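Trainee: Have a look at this one.
The values are calculated or read from the model by the stated rules, or taken from the named source; none is laboratory data. Bear in mind the structure is a predicted one, so any value in this text is a computation, not a measurement. We place every Cβ from the backbone using ideal geometry, glycine too, and count neighbours over all the protein chains shown. All accessible areas refer to the heavy atoms of the entire protein, side chains included, with ligands and DNA or RNA removed. Shrake-Rupley method; radii C 1.70, N 1.55, O 1.52, S 1.80 Å.
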Amino acid sequence: MSTFRMWEVFAKADEGPFFKDQNEWMVKSFIPQMKRVVKEHDIKWDRKTIVNCDDALADRLWAAAKDFFVSVGVYHVDTHRVMKFSEQEVNEVLYTKRPCYMVGAGHDQRWLRVRAVEDREKRPFHLFSPDANFSTDIHKKACMAYLKEPLLDGLCAPLIEDFMGRKATSQSPTEVAAAMEHAMNLRDAQRLVGKPDVWTVSVGTAETDQAQIAAANPAWGVRPSHLDGRMVSILTEMTTNDAMLNKSLHYRSYGNVFGNLCGAIFGGHAGGTEATAVLQTAYNIQGACLYGSCWALNFPFHLKWQSTTTRELLWIQSMLSQAMSRNSNLIFLNNLFANAGPATDQLYWECANHAFACESSGGNPWGAATCRNKYTDHATPLESRLFHECSEASFKMRLTRAQADDLCQKIMEKYEALIPVDNYGKTIQEVYDMEKITPRQEYVDQYLRMKDELCKMGVQFAY
Amino acid sequence: MSIEKVRQLMIDGDGDAAVSLVQDLIAKGTSPHDIMGGLTEEMEHLGQKFESFEVFLPDLMVAGDTFMQIMEVLKEHLVADADGKVPATVVIGTVKGDYHEIGKNIVGIVLQANGFHVVDLGADVDPIAYMEEAHRSKADAVGLSALMTTTMPKQEEFIKLTEEAGKKGQYLICIGGAPTSPDWAKRIGADVWSFDAFEFVGKLKEALKNRKK
């Protein structure tokens, strides 16, 4: 069911069991099956642990996720049919999946690969991404600011807000044009900072299939093959549509090392923490089987706060990372969505905690998105820098999961009570000198102070 | 005691048993209004528990599905018994180009639990479809959900269209979704914005009350 069976997979959208709408499928299939697998596979969380140390639990989570995916399938909202996959089909995909890809080119070339739990050899892949909208007039400079980051292995660039004074709107010419401008800016920015061949996951501004296709151009836009990455979403929850299948078809024919973007909602259709962990893990299997994706971006998030840094969400990231690292060749990254905004201490604590919760569990950091993804220009490379430096420190220190949990518990105390507060901080124009594309001194001082505080907790940064 | 049993069957999602018991109760003289009152109270209670994550969306969905099955039975008796009160009607949907339904679905369930009549247009809803349904169902409010920054402009487009069609003010225009904010709502002229479904119910009730004054 991998790339070579693409059309057999697409045919499932016309042949599977019929449900008149998603709600009927949810009530009759998704919800009862989820309750069953959580119970049968004995998935339990103690409401305190952040970094899991129980290998047997991680293995049961993997088994539960696979059981759930085979039992439930994927609901196709356009054809109203369920695309079901047999266990044998799933096993074929899992066996044939490649555990590593060389991405980018020249001196920007990197390995994107599966890591092990408490991996002592393979350093994490540092994907920088603000996952936020930026004003069009500063977009290229913002891309340059991120590309300048020392640890950067890949970039998912900021999104463009407007095109020629009009808000980029889904399915309209403004979206298509904004996607093209995004791709052009990014290519320019890469050349200007001396990283022309860095792997970029492009382009976030293009929500629709037609905009993605329009932005693909080896001369000025998204490049084919291993040079750039793309993403196709799994719609919540466990659903897809023709537009998503179109994207996967385009990415495969264009040859990109593309991923599937998946975010189970804690408090949503799956329910509580344990079920959300099952669903999120199942999404990684779904992406590989349904879209033939080469990797997955995991962003399970909180229904109320739209963030990934609460206690239960960090446990989910830790669990799914271990479940997959121990049981599969599926490549994945862990996406950070913070509650707070730039230049707040809270944001730095959230970034640090997400990094330490994931690295020793076998994860790869992707971030950092800020202030619940609500406000334009509210993200800077500084918080991403700390996020990735913490992940690198965790690797360099050979932090065990038990040590990581101790550290995460201490960091959690710094911000847990602040999660409900609207603490959206400052814009990139306030934090950075956008002419020089460097952070202003007072914010560099704050960044260094936060590193000092982490050092006092026992963190040893790589440099 | 028997209404208590119906409430429990609703929570358990046992629609067949609940419907059968409700039919039995009505035949034996229990007031349909009392049954509905008990069930609405239970849904509100579940909604409160959901707000604090003591229960989750699947529990609410299963109970809501059973609630609707029971309502099919109660409907004809309630009409016959009507005391003139008409519940407010809210048309909801996710805007054109956006397929994310979870937020909108939660709003629908919570509104129903609070006694509103809800017309759910689903996802990828054309602005004209909202307007036509609002007219057809004499809506008191229209709710437009958007989960992507590139679909937020569809909320603005709907408000512009209602202005141009001379329909602005005929119903409240409510917006929501993860990337939206109070600033955005103010900028496009929406009547109600809320952080989540629970805040929305309170704000909508207040706005409807002010509108009637």
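Trainee: If you take the residues in region A:302-335 that are open to solvent by 30 Å² or more (accessible area, probe 1.4 Å) and outside any helix (DSSP H, G or I), which one is farthest from the other protein chains (Cβ to nearest Cβ)? Working first, answer last.
Mentor: Keep residues of region A:302-335 that are open to solvent by 30 Å² or more (accessible area, probe 1.4 Å), which gives A:303-305, A:311-312, A:326-327, A:329.
With the extra rule that they be outside any helix (DSSP H, G or I), the set shrinks to A:303-305, A:329.
Values: A:303: 8, A:304: 6, A:305: 10, A:329: 30 Å.
The qualifying residue farthest from the other protein chains (Cβ to nearest Cβ) is A:329.
Trainee: Only one of these is within 10 Å of another protein chain (Cβ to nearest Cβ) and either under 21 Å from residue A:341 (Cα atoms) or not hydrophobic (A, V, I, L, M, F, W, C) (or both): A:267, A:287. Name it. Spell out how you get there, then give the answer.
Mentor: On the way: A:287 fails: within 10 Å of another protein chain (Cβ to nearest Cβ).
Only one candidate passes the filter, namely A:267.
Trainee: One residue is enough: does region A:32-45 have a residue meeting the conditions among the acidic types (Asp, Glu) and away from every other protein chain (no Cβ under 14 Å)?
Mentor: Initial filter on region A:32-45 (among the acidic types (Asp, Glu)): A:40, A:42.
From what is left, the residues that are away from every other protein chain (no Cβ under 14 Å) are A:40, A:42.
Scanning region A:32-45 turns up at least one residue that is among the acidic types (Asp, Glu) and away from every other protein chain (no Cβ under 14 Å).
Trainee: Look through A:139, A:126 and report the one residue that is within 14 Å of chain B (Cβ to nearest Cβ) and of a type outside the set (Asp, Glu).
Mentor: A:139
Trainee: Please work out if residue A:89 is under 24 Å from residue A:9 (Cα atoms) and of a type in the set (Asp, Glu).
Mentor: In short, yes.
Per-residue answers, yes or no, for (1) in contact with a Leu (Cβ under 6 Å, 6 or more places away or on another chain); (2) closer than 22 Å to residue B:167 by Cβ; (3) assigned to a helix (DSSP H, G or I); (4) among the acidic types (Asp, Glu):
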residue	(1), (2), (3), (4)
B:54	no, no, no, yes
B:66	no, no, yes, no
B:70	no, no, yes, no
B:74	no, no, yes, no
B:100	yes, no, no, no
B:105	no, no, yes, no
B:122	no, yes, no, no
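Trainee: So how many residues does region B:158-169 have that are in contact (Cβ under 8 Å) with a residue 60 or more places away in the chain and open to solvent by 50 Å² or more (accessible area, probe 1.4 Å)? Please lay out each step first, then the result.
Mentor: Applying the first criterion (in contact (Cβ under 8 Å) with a residue 60 or more places away in the chain) to region B:158-169 yields B:158.
After this cut, where a residue has to be open to solvent by 50 Å² or more (accessible area, probe 1.4 Å) as well, the list is none.
So the answer is 0.
Trainee: Sticking with this one: Could you say whether any residue in region A:400-409 is within 22 Å of residue A:156 (Cβ to Cβ) and open to solvent by 20 Å² or more (accessible area, probe 1.4 Å)?
Mentor: no
Trainee: For the structure I just gave you, tell me whether residue A:259 is within 20 Å of the chain's Cα centre (by Cα), open to solvent by less than 10 Å² (accessible area, probe 1.4 Å) and within 12 Å of chain B (Cβ to nearest Cβ).
Mentor: Here the answer is no, as residue A:259 does not meet what is asked.
Trainee: Anything in region A:108-130 that is assigned to a strand (DSSP E or B) and open to solvent by 20 Å² or more (accessible area, probe 1.4 Å)? List them, or say none. Walk me through it before giving the result.
Mentor: So the first thing to find is which residues in region A:108-130 are assigned to a strand (DSSP E or B), and the list is A:110-113, A:127-128.
Selection gives A:110, A:111, A:113.
Trainee: Okay, next question. Can you work out which of the residues in region A:131-141 that are out of contact with any helix residue (DSSP H, G or I) (no Cβ under 6 Å at 6 or more places or on another chain) and modelled with pLDDT of 95 or more is most open to solvent (accessible area, probe 1.4 Å)?
Mentor: Among those that are out of contact with any helix residue (DSSP H, G or I) (no Cβ under 6 Å at 6 or more places or on another chain) and modelled with pLDDT of 95 or more, it is A:141.
Trainee: I need the full set of residues from region A:7-40 which are under 16 Å from residue A:90 (Cβ atoms) and not basic (Lys, Arg), in order please. Steps first, answer last, please.
Mentor: Here is the first cut: in region A:7-40, the ones under 16 Å from residue A:90 (Cβ atoms) are A:8-9, A:12, A:16, A:33, A:37.
Residues satisfying the conditions are A:8, A:9, A:16, A:33, A:37.
Trainee: Please give the helices (runs of 4 or more DSSP H) falling wholly within region A:354-441 in which 3 or more residues are under 16 Å from residue A:460 (Cβ atoms), at pLDDT 95 or above and of a type in the set (Phe, Trp, Tyr).
Mentor: Working: elements: A:381-396, A:401-415, A:428-431.
Counting at least 3 such residues, we get no helices (runs of 4 or more DSSP H) at all.
Trainee: Which numbered condition in (1) closer than 23 Å to residue A:296 by Cβ; (2) at pLDDT 95 or above is the only one that residue A:5 fails?
Mentor: (2)
Trainee: Give all pairs with beta carbons closer than 6 Å in which a residue from region A:154-169 that is closer than 23 Å to residue A:110 by Cβ and away from every other protein chain (no Cβ under 14 Å) meets a residue that is part of a strand (DSSP E or B) and hydroxyl-bearing (Ser, Thr, Tyr); count only pairs at least 6 apart in sequence or on separate chains.
Mentor: Short answer, once both residue conditions are applied: A:155/A:200.
Trainee: Same structure, new question: Can you name the condition, by its number, that residue A:282 falls short on among (1) more than 14 Å from chain B (Cβ to nearest Cβ); (2) over 24 Å from residue A:39 (Cβ atoms)?
Mentor: It fails just one condition, (2).
Trainee: Among the residues of region B:14-34 satisfying the criterion of being open to solvent by less than 40 Å² (accessible area, probe 1.4 Å) and at pLDDT below 90, which is nearest to residue B:111 (Cα to Cα)?
Mentor: So, considering only residues that are open to solvent by less than 40 Å² (accessible area, probe 1.4 Å) and at pLDDT below 90, the one nearest to residue B:111 (Cα to Cα) is B:32.
Trainee: Within region B:40-66, can you find the residues that are more than 9 Å from chain A (Cβ to nearest Cβ) and aliphatic (A, V, I, L, M)?
Mentor: Scanning region B:40-66 gives B:43, B:46, B:60, B:63.
Trainee: Output yes when any residue across region A:191-205 is open to solvent by 30 Å² or more (accessible area, probe 1.4 Å) and under 24 Å from residue B:96 (Cβ atoms), and no when none is.
Mentor: no
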